[in-house]
1. Looking at (1) polar (S, T, N, Q); (2) more than 30 Å from Ser189 (Cβ to Cβ); (3) modelled with pLDDT under 90; (4) open to solvent by less than 30 Å² (accessible area, probe 1.4 Å), which is the only condition Gln26 fails?
2. List pairs: first residue in segment 65-91 and free of Cβ contacts under 8 Å to residues at least 12 places away in the same chain, second residue in a loop (DSSP other than H, G, I, E, B) anywhere in the structure, Cβ distance under 9 angstrom, at least six positions apart or on different chains.
3. Within segment 241-266, can you find the residues that are of a type outside the set (Lys, Arg), open to solvent by 100 Å² or more (accessible area, probe 1.4 Å) and in a helix (DSSP H, G or I)?
4. Tell me which residues, restricted to segment 81-112, are in contact with a Lys or Arg (Cβ under 9 Å, 6 or more places away or on another chain) and among the hydroxyl-bearing types (Ser, Thr, Tyr).
5. Only one residue in Thr58, Thr54 is over 17 Å from Ala96 (Cα atoms), polar (S, T, N, Q) and without any contact (Cβ under 8 Å) to a residue 60 or more places away in the chain. Which one?
6. Find the strands (runs of 3 or more DSSP E) located wholly in segment 24-118 whose residues include 1 or more that are within 22 Å of Leu263 (Cβ to Cβ) and in contact with a Gly (Cβ under 9 Å, 6 or more places away or on another chain), and list them.
7. Which condition does Val72 not pass, out of (1) over 20 Å from Glu208 (Cα atoms); (2) of a type in the set (A, V, I, L, M, F, W, C); (3) surrounded by fewer than 21 Cβ atoms within 10 Å (Cβ to Cβ), if it passes all the others?
8. Touching a Cys at 6+ places or on another chain (Cβ under 6 Å), surrounded by 11 or more Cβ atoms within 10 Å (Cβ to Cβ) and under 27 Å from Ala255 (Cα atoms), is that true of Ile65?
Amino acid sequence: MKIGIAALASSLILSGCTESPTGRSQLMLFSSGQLASLGDDSYAQLKAKEKISTDARTNAYVRCITDDLIAVLPSPWRDRQWDVTVFDSEQVNAFALPGENIGVYSGLLKIAENRHQLAAVIGHEIAHVIADHGNERMSNQFAVGLGLQVGSVLVSENLDSETAALAMAALGIGAQVGVLLPYSRVHESESDQLGMDYMAAAGYNPAEAANLWRNMAKIGGANTPEFLSTHPSPQSRIQALEAYAPKVQELYQQAASQRRKPLCTL
């Protein structure tokens, strides 16, 4: 294991910095193929563990909104096959993983009151993947001395329970697990912005993003949803969403003028 990690570390020295879709500098030490493989394995573990919804209407609704968003993503993302799974759970949560994997928990549909709000959540999660936030966080952890744990995930042939937990935490699933933290506020803000870009381009009202987070805040306290444990939502975040919404109104209106009107219903 140590030899494999050492070899991995040596190869990563050849990597460097890149830019996020918003122009922010990022440290990227892992290949897209490595992250996709990790995302696929984590996704398979979740599907084996969690109950999957068989409700045809719910699945069609989530898939419809997701397809609308995928259609307006930048190339090559819009041309890829995205797997969408609805988990039958009261948990208020959603995620997207490298490898084009999306999960939505049915409990979220009680909080996302309309298709626009659900589009805000799914767009936000897709943005984490497109902006390569999982890679960036793992790279930062590797760089500050956690190479053994991070490297062990990437050289494992199979994800045992401990390795799977580490991988999922690295990719933003669940609250703090082991040594890896949920997405930073920088990542969250960037995904909020990109997610609103996607939903507006797909014809979903970006003003509903702030309303979604207001709904989240209402169920705080002892019943705080899992989504909030990894996506901090202070009042300043809602204000930031409200401030950004007017900037994408033209994009939203353009989508409407082109008759890109979401028809997804539950």
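1. With respect to (1) polar (S, T, N, Q); (2) more than 30 Å from Ser189 (Cβ to Cβ); (3) modelled with pLDDT under 90; (4) open to solvent by less than 30 Å² (accessible area, probe 1.4 Å), Gln26 is out only on (2).
2. Asp67/Trp82; Asp67/Cys264; Arg78/Ala71; Arg78/Val72; Asp79/Leu73
3. Scanning segment 241-266 gives Glu250, Gln253.
4. Thr85, Ser89
5. Values: Thr58 fails: without any contact (Cβ under 8 Å) to a residue 60 or more places away in the chain.
Of Thr58, Thr54, the one residue that is over 17 Å from Ala96 (Cα atoms), polar (S, T, N, Q) and without any contact (Cβ under 8 Å) to a residue 60 or more places away in the chain is Thr54.
6. On the way: elements: 25-27, 83-87, 94-97, 101-105.
Output list reads 83-87, 94-97.
7. The number of the failed condition is (1).
8. On the way: touching a Cys at 6+ places or on another chain (Cβ under 6 Å): yes; surrounded by 11 or more Cβ atoms within 10 Å (Cβ to Cβ): yes; under 27 Å from Ala255 (Cα atoms): yes.
Yes, satisfied.
The values are calculated or read from the model by the stated rules, or taken from the named source; none is laboratory data. Everything numeric in this text was worked out from a predicted model, so none of it was measured. Positions of Cβ are backbone-derived with ideal geometry, glycine not excepted, and every protein chain shown enters the neighbour counts. Only protein heavy atoms, including side chains, enter the accessible area calculation; ligands, DNA and RNA are left aside. Shrake-Rupley method; radii C 1.70, N 1.55, O 1.52, S 1.80 Å.
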